[in-house]
1. If we keep just the residues of the range 53-67 that are more than 18 Å from L191 (Cβ to Cβ) and of a type in the set (A, V, I, L, M, F, W, C), which is nearest to the chain's Cα centre (by Cα)?
2. Identify, from the list F20, F14, the residue that is part of a helix (DSSP H, G or I) and either modelled with pLDDT of 95 or more or buried (at least 16 other Cβ atoms within 10 Å of the Cβ) (or both).
3. Exactly one condition in (1) in a helix (DSSP H, G or I); (2) over 23 Å from the mean Cα position of the chain (by Cα); (3) among the aromatic types (F, W, Y) is false for Y148; which is it?
4. What pairs come out if I take residues in the range 189-213 that are over 18 Å from N171 (Cβ atoms) and of a type in the set (S, T, N, Q) and pair them with residues that are open to solvent by less than 20 Å² (accessible area, probe 1.4 Å) and part of a helix (DSSP H, G or I) whose C-beta lies under 8 Å away, six or more apart or interchain?
5. For residues in the range 345-371 being assigned to a loop (DSSP other than H, G, I, E, B) and small (G, A, S), which is nearest to D284 (Cα to Cα)?
6. Report whether or not T172 is over 23 Å from the mean Cα position of the chain (by Cα), more than 30 Å from V52 (Cα to Cα) and of a type in the set (S, T, N, Q).
7. Quick one: L43 ticks every box in (1) in a helix (DSSP H, G or I); (2) without any contact (Cβ under 8 Å) to a residue 60 or more places away in the chain except a single one, so which number is it?
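The values are calculated or read from the model by the stated rules, or taken from the named source; none is laboratory data. For clarity, every value in this text was computed on a predicted model and none was experimentally measured. With ideal geometry, Cβ positions are generated from the backbone for all residues, glycine too; neighbour counts draw on all protein chains shown. For the accessible areas, the whole protein counts, side chains as well, though only heavy atoms, and no ligand, DNA or RNA atoms are used. Shrake-Rupley method; radii C 1.70, N 1.55, O 1.52, S 1.80 Å.
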Amino acid sequence: MTALNDTVGLTDLFASRRYFRKFEGIMAHMTRVAGVMEAEGTLTRDEVSILVGYAAALNYTFKALSLKYLLVGRDTGRFFGSLAIDATESGFPASDELITMASDAQQAEKHLLGMPSVDELKAQMVQVILGERTVPTKLQFALSQRLYYEELLKGKLFWPRNDPAIDWLGNTGERRRFRMHWAVYDSQVNLPVIYMMELEDTGRTALPKDQRRWPEVQAHLMAQSLGGLKLMTIAKGFDEDFNDLHPKRLRRFHVGPMYSDAFTRQSGPIGEVLSQARAPDGQDWALVWTEEDLQSDRVVEERAGWFSSVEREIFKLDPFAGRGADTGTTRMERSIILPQRPYQVLEELNPPGFRSVAKFVVSDAGRVLRY
């Protein structure tokens, strides 16, 4: 592995493949944990469906990147780099990887037009193996790039920006209720972040069909989807900018960091846990999952001009020790997903910072236990 500041390039072929296998397993575990949260009543079925959809998109993104870097470290006759991961803060790929991938997706059809088909490349590979008795590395590379562009064309990946989608939840009196969801890959911390907002609509035209408001809402939310902004700031800004849209609940889910003794440099309790666990490959990791939740407490009327007034939301902040003012949330909950052996060491060490953290212990058999 080569390093530049906090970014590490996975230049070893086998390390690169282990990394992608690890994340494939982690995303599958994350989906099962969401199912447990539904069973506990923490999430509704629709919310789980949304989160699972983003997890699947992340999986497709990792699959595309694994094809792009399938022959990393091999002599392909062309330098094409290696996957850059944030080895300190997140354990996920650097945001530049997703930005480049999004750019490649725009040119995918053009690239594929100039490439031989999969069958043609495989036939050429057989000829080289039988005729020249050598490994057809350059052809293998060409095939991996073709499969990469084909994967991009399929779509449904997790992009740097995943614009808002909207679902109708029903009516409260004459008010329409909607849930919006969107996601970004936060370039400041190299992590996927998912947002959900529940709102009431008192506009003349339903928001999804409103050709003026809906594009404005999408643009507004994407511009405000920065990890450094508190939920209170985002919700109040939305409430003030759209007089006939009333945000009742805003949530933000941070997926990660992912810690692994093999791929990341971690200090503090989690570093000690993974180091002492000495878990086998595939079980030497821990994924942090954080949910921030901001809920409206009541509504007040404000004057808007001489003869009219508008509703403004008053949001409920966490009452414990003034934390709400610091976090800008009604509630914040941290969870950690990890295999059995790291969990056992975590329980033995019992570090103070983890006592209030929900722990989801997963197994390769698909079982999830909550502690």
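1. Let us first name the residues in the range 53-67 that are more than 18 Å from L191 (Cβ to Cβ), namely 63-64, 66-67.
Retained after the next criterion (residues that are of a type in the set (A, V, I, L, M, F, W, C)): 64, 67.
Working: A64: 15, L67: 20 Å.
By that ranking, first place goes to A64.
2. Values: F14 fails: either modelled with pLDDT of 95 or more or buried (at least 16 other Cβ atoms within 10 Å of the Cβ) (or both).
On inspection, the qualifying residue turns out to be F20.
3. (2)
4. Between residues of the range 189-213 that are over 18 Å from N171 (Cβ atoms) and of a type in the set (S, T, N, Q) and residues that are open to solvent by less than 20 Å² (accessible area, probe 1.4 Å) and part of a helix (DSSP H, G or I), the close pairs are N190/S95.
5. We begin by selecting, within the range 345-371, every residue assigned to a loop (DSSP other than H, G, I, E, B); these are 350-351, 355-357, 363-367, 371.
Adding the requirement that they be small (G, A, S) leaves 356, 363, 365-366.
Numbers: S356: 22, S363: 12, A365: 16, G366: 17 Å.
Going through the qualifying residues, I end up with S363.
6. Numbers: over 23 Å from the mean Cα position of the chain (by Cα): yes; more than 30 Å from V52 (Cα to Cα): no; of a type in the set (S, T, N, Q): yes.
Against the criterion (over 23 Å from the mean Cα position of the chain (by Cα), more than 30 Å from V52 (Cα to Cα) and of a type in the set (S, T, N, Q)), T172 does not qualify.
7. Among (1) in a helix (DSSP H, G or I); (2) without any contact (Cβ under 8 Å) to a residue 60 or more places away in the chain, L43 violates only (1).
The rows are residues; the columns are (1) surrounded by fewer than 16 Cβ atoms within 10 Å (Cβ to Cβ); (2) under 26 Å from the mean Cα position of the chain (by Cα).
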{"residue": "L153", "(1), (2)": "yes, yes"}
{"residue": "W159", "(1), (2)": "no, yes"}
{"residue": "A183", "(1), (2)": "no, yes"}
{"residue": "S187", "(1), (2)": "yes, yes"}
{"residue": "E198", "(1), (2)": "no, yes"}
{"residue": "R213", "(1), (2)": "no, no"}
